[in-house]
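Since every read-out is calculated from the coordinates, none of them should be taken as a lab result. Remember, it's a predicted structure, so these values are computed and weren't measured experimentally. Virtual Cβ from ideal backbone geometry, glycine too; neighbours counted across all protein chains shown.
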């Protein structure tokens, strides 16, 4: 049986090509294999095949799109990791996330920043003096 006809082999090929698969890929492999193949073919054409944009650039664009669309943290983090593995620096990924501030707003940026921070494994600075965590005083 070829990978085109075997859901497990097809999923394994997806991992080899992308470096990851998402939960919906795993679910569709069993629930509706023809739809998984159709969606994957679209992604291969638009995203995985080398065209004029290199993979690093595509991953940075994906990070921006996922932050703006408020995608799940796991989905965003998979593309942050992919961007890093294709040559983006942590700072370049952060700058891509920062681009979302004017258009997507602070809440989308905060979610994106938190996903980035977890992948990078960085903490922030703590104020020298204790501060009230709720500046509104509402408790």
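Structure data summary
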item	result
Share of Cα-Cα pairs in the stretch 52-122 lying beyond 20 Å, as whole percent	16 percent
Between 0 and 90°, nearest 10: helix 7-18 axis offset from the chain longest Cα axis	50 degrees
Of (1) 15.9; (2) 17.0; (3) 18.9, the label for Kirkwood radius over Cα pairs in Å derived from the coordinates	(2)
Size-normalised alpha-carbon gyration radius of the stretch 1-49, reference 2.2 N^0.38 Å	1.02
Equivalent ellipsoid semi-axes - Cα gyration tensor, the stretch 2-84, angstrom	22, 15, 11
Label-point separation, residue 91 to residue 118 (7 Å along Cα→Cβ), nm	2.6 nm
MRE, 222 nm, helices only [DSSP H, n ≥ 4, -39500 (n - 2.57), over the chain, to nearest 500]	-19000 deg cm²/dmol
Full-extension gain in nm, residue 9 to residue 69, via 0.36 nm per residue minus C-alpha separation	18.5 nm
